[in-house]
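Input: a single structure, listed below in structure tokens.
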Amino acid sequence: FPPGGPSDVLARIVGKKMSELLDVPVVIENKPGAGGNIAGEYTAHAKPDGYTLLMGNNSILATNESLYKKLNYKPETDFAPITLIGTQANILVVNPKVPAHSLKELIALCKAQPGKINFASSGYGAAAHLAGELFKTDAKVDIVHVPYKGAAPALQDVIAGSDQMMFATAASVIGHIKAGQVRALAVTTLKRTAILPDLPTMDEAGLKGFEASTWHGLVAPADTPSDVLAKLHDTAVKALHDPEVRTSLGRLGVDIVGDTQAEFAAYIKSEIPKWTAIVKASGATMSR
């Protein structure tokens, strides 16, 4: 994904501390496009020596397998999970000029103007896209998906007014909310987020059972030696326990995890059928 989005921001925070702990440079290389598939393919086919890692997320490691007709990698077999970095709530935001100050008002507006309201996303298959598709289904509204190559450019067009709404991760949007550039209406987790405790959940605001969070985790190419994976895991988890890192991630609304390699592998395996069901329900599909 491009600079400025949640994957980029988290990678830079964690990568900086891992660089200090390993005493080697950790370079963040942005490879945007195809819902994260370009980065996924690049990492899956990289030399398995521990020097090429991926900050993976829902899209690359769970949803794209059912969304795209063809992938040049397999999420469950072409990567060696290192650790789940953390999870984030998605926040439903609208341009300040949109005449809706609550979820119910937004739904009413969408129903009054079918096909006229655009929702931006960080790309096909991203959590932001599928949250919007889930919203369309649950609220029974006709809104238009406008995909971008990352959260940052998508948010810029919501701020500019080209698109009216977006489901954005806390990491990418919290600063814009505080600056008054977008208006937050609801959070997509079933529990309120500590970073915006007064913001209601989608469930509380009227869409019962609505839940669509974003997660990020570190993986390496399959066949990376076990001792290398163990060192990378221990370094990443140690980085996540660093007070400065925890503070930085906490400010972005990240619930830090730092689990074991086996636990992260099991988590990825459980997420694929969950998001496959959402993709099928939305009817969304991509050829590439």
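The values are calculated or read from the model by the stated rules, or taken from the named source; none is laboratory data. Values in this document were obtained by computation on a predicted structure and should not be read as measured data. Methodologically, a virtual Cβ is constructed for each residue, glycine included, from the backbone with ideal geometry; neighbour enumeration extends over all protein chains shown. The accessibility values were calculated without ligands, DNA or RNA, using every heavy atom of the protein model including side chains. Shrake-Rupley method; radii C 1.70, N 1.55, O 1.52, S 1.80 Å.
Data table
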read-out	value
First in the stretch 261-277 and closer than 16 Å to T214 by Cα, second anywhere and open to solvent by 40 Å² or more (accessible area, probe 1.4 Å) and of a type in the set (D, E), Cβ under 8 Å, 6 or more apart	I268/E76; K269/E76; I272/E65; I272/E76; T276/E65
Odd one out for M202, checked against (1) hydrophobic (A, V, I, L, M, F, W, C); (2) buried (at least 18 other Cβ atoms within 10 Å of the Cβ); (3) at pLDDT 95 or above; (4) farther than 22 Å from S282 by Cβ	(4)
Of all residues making up the stretch 260-288, the number that are more than 16 Å from Q88 (Cα to Cα) and of a type in the set (D, E)	1
Criterion violated by L232 - all others in (1) closer than 25 Å to P25 by Cα; (2) surrounded by fewer than 19 Cβ atoms within 10 Å (Cβ to Cβ) satisfied	(2)
Pair list, Cβ < 7 Å and 6+ apart or interchain, from the stretch 1-19 residues that are within 18 Å of G258 (Cα to Cα) and modelled with pLDDT under 95 to residues that are hydroxyl-bearing (S, T, Y) and open to solvent by 40 Å² or more (accessible area, probe 1.4 Å)	none
Considering residues of the stretch 102-115 that are free of Cβ contacts under 8 Å to residues at least 12 places away in the same chain and not aliphatic (A, V, I, L, M) only, the residue nearest to H145 (Cα to Cα)	Q113
Pair list, Cβ under 6 Å, 6 or more apart: the stretch 209-232 residue charged (D, E, K, R), other residue surrounded by fewer than 22 Cβ atoms within 10 Å (Cβ to Cβ)	E211/L190; D223/P48
Residue identified as open to solvent by 10 Å² or more (accessible area, probe 1.4 Å) and in contact with a helix residue (DSSP H, G or I) (Cβ under 9 Å, 6 or more places away or on another chain) among L134, L103, L130	L134
Answer from V187, V228, V158 - the residue that is more than 21 Å from the chain's Cα centre (by Cα) and not charged (D, E, K, R)	V228
Residue in the stretch 50-70 that is open to solvent by 50 Å² or more (accessible area, probe 1.4 Å) and closer than 30 Å to A160 by Cβ present	no
Subset of the stretch 146-160 that is open to solvent by 30 Å² or more (accessible area, probe 1.4 Å), outside any helix (DSSP H, G or I) and out of contact with any Asp or Glu (no Cβ under 6 Å at 6 or more places or on another chain) - its residue that is nearest to H216 (Cα to Cα)	K149
